[in-house]
Amino acid sequence: MKGSVANFVTSSRNGQNEIRIKAFNPKDANSPAQQLQRACFKLIGDEYQTFGGIPDEGFPERPSNQSGYNQFMAANLPAAIDKSGAEPVIDYSKLTVSNGTLPQVVVTGGSVVPAGISITYQTNVKIPKVKADDVVMVVAKTQIGELLYEKATRTDALSATILIDYPGIQAADVKCCYLFVLSADGKRASKSVFVPLV
C-alpha cells in the first residue's frame, strides 16, 4: 500500500502496511479571543526586550531547559496584562522582572531627588537565607525607553538606601521601577518589588 486518500496516508515499512492520519482541513478561526491572546503575548514579548538582560539575571533559578525569556513570559502572561480597556496594556505594578527563593525585599520609600532616583529598603539581614553580601538591584525604565539600573551590597545595617544617579529626572519621566536581590554568586534571586515613586 502506498499513497493518500482524504486525510489518510498509507505506506509500507519493514514489510508492514502503515496508515497515518493527517490534519484534515486545518483552520485558524482568528477569533476575537485569539486576537486578544496574540496581542497580549506580543506585549509581554516586546517588554522582555526593553529590559535588556535584566530578566536573564532575575530568574537564575530556572530549569536548565528554560531561558530567562520563558520565565519572564510565564510570570507575566496573563498576570501583568490589563484587559479592561479597548486594547490590552501592561500593568507595571504587577510586572515581575525577577523571581526566586530569596525573601522579598521590604521597600520603605521611593522618591525622585535632585541627584536621581532614591529607594530606601529594609535589609532584613536577620532573616534566614539573607546575607550581608547579597546584591540589591534597582532597575527603572523611563517614558522614552531608557533602562536605568544600579547595584549595591545589602550590608548588615538594618536599612539602606540605593540611588540611581540621574540628576534632574522627574517622577513623571519614570515609567516603572523595581527592586530585587541576587545572591553574591548570582544563583538565587528574590521576587521583584514594584516601587512607586513620589
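Anything in the stretch 160-187 that is part of a loop (DSSP other than H, G, I, E, B) and buried (at least 17 other Cβ atoms within 10 Å of the Cβ)? List them, or say none. Steps first, answer last, please.
Keep residues of the stretch 160-187 that are part of a loop (DSSP other than H, G, I, E, B), which gives 166-170, 183-187.
The answer is 166, 169, 183.
Only one of these is loosely packed, with under 12 Cβ neighbours inside 10 Å, over 30 Å from residue 160 (Cβ atoms) and modelled with pLDDT of 90 or more: 34, 49. Name it.
Details: 34 fails: modelled with pLDDT of 90 or more.
It is 49.
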**Asked** Residues in the stretch 145-159 that are of a type outside the set (S, T, N, Q), surrounded by fewer than 17 Cβ atoms within 10 Å (Cβ to Cβ) and in contact (Cβ under 8 Å) with a residue 24 or more places away in the chain: how many?
**Response** 6
**Some residue of the stretch 88-111 being under 22 Å from residue 177 (Cα atoms), among the aromatic types (Phe, Trp, Tyr) and outside any strand (DSSP E or B)** = yes
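Take residue 189 and decide whether it is under 18 Å from residue 53 (Cα atoms) and touching a helix residue (DSSP H, G or I) at 6+ places or on another chain (Cβ under 6 Å). Outline the logic, then answer.
Details: under 18 Å from residue 53 (Cα atoms): yes; touching a helix residue (DSSP H, G or I) at 6+ places or on another chain (Cβ under 6 Å): yes.
Considered against the rule, which asks whether it is under 18 Å from residue 53 (Cα atoms) and touching a helix residue (DSSP H, G or I) at 6+ places or on another chain (Cβ under 6 Å), residue 189 comes out as yes.
Just give me the residues in the stretch 81-97 being closer than 21 Å to residue 137 by Cβ, in contact with a strand residue (DSSP E or B) (Cβ under 6 Å, 6 or more places away or on another chain) and surrounded by 14 or more Cβ atoms within 10 Å (Cβ to Cβ), in sequence order. Before you say what the answer is, go through the steps one by one.
Within the stretch 81-97, the first condition is being closer than 21 Å to residue 137 by Cβ, and the residues that meet it are 90, 92-97.
Narrowing the set further to residues that are in contact with a strand residue (DSSP E or B) (Cβ under 6 Å, 6 or more places away or on another chain) leaves 92-93, 97.
Matches in the stretch 81-97: 92, 97.
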**Message:** Could you go through the stretch 104-120 and let me know if any residue there is over 20 Å from residue 195 (Cβ atoms) and either aliphatic (A, V, I, L, M) or crowded, with 17+ Cβ neighbours inside 10 Å (or both).
**Reply:** no
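Does residue 39 fit the bill of being over 30 Å from residue 185 (Cβ atoms), touching a Pro at 6+ places or on another chain (Cβ under 6 Å) and in a helix (DSSP H, G or I)? Give the steps one after another, and end with the answer.
Values: over 30 Å from residue 185 (Cβ atoms): yes; touching a Pro at 6+ places or on another chain (Cβ under 6 Å): yes; in a helix (DSSP H, G or I): yes.
Yes.
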**Request:** Select from the stretch 52-64 the residues that are in a loop (DSSP other than H, G, I, E, B) and charged (D, E, K, R) and write down the one among them that is surrounded by the most Cβ atoms within 10 Å (Cβ to Cβ).
**Result:** 62
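Quick one: is residue 79 closer than 22 Å to residue 99 by Cα, of a type in the set (A, V, I, L, M, F, W, C) and not in a helix (DSSP H, G or I)?
Values: closer than 22 Å to residue 99 by Cα: yes; of a type in the set (A, V, I, L, M, F, W, C): yes; not in a helix (DSSP H, G or I): yes.
It is true that residue 79 is closer than 22 Å to residue 99 by Cα, of a type in the set (A, V, I, L, M, F, W, C) and not in a helix (DSSP H, G or I).
The values are calculated or read from the model by the stated rules, or taken from the named source; none is laboratory data. It should be emphasised that the depicted structure is a prediction, and the values quoted were computed from it without experimental measurement. When we count neighbours, we look across all protein chains shown, and the Cβ atoms used for this are built from the backbone with ideal geometry, even at glycine.
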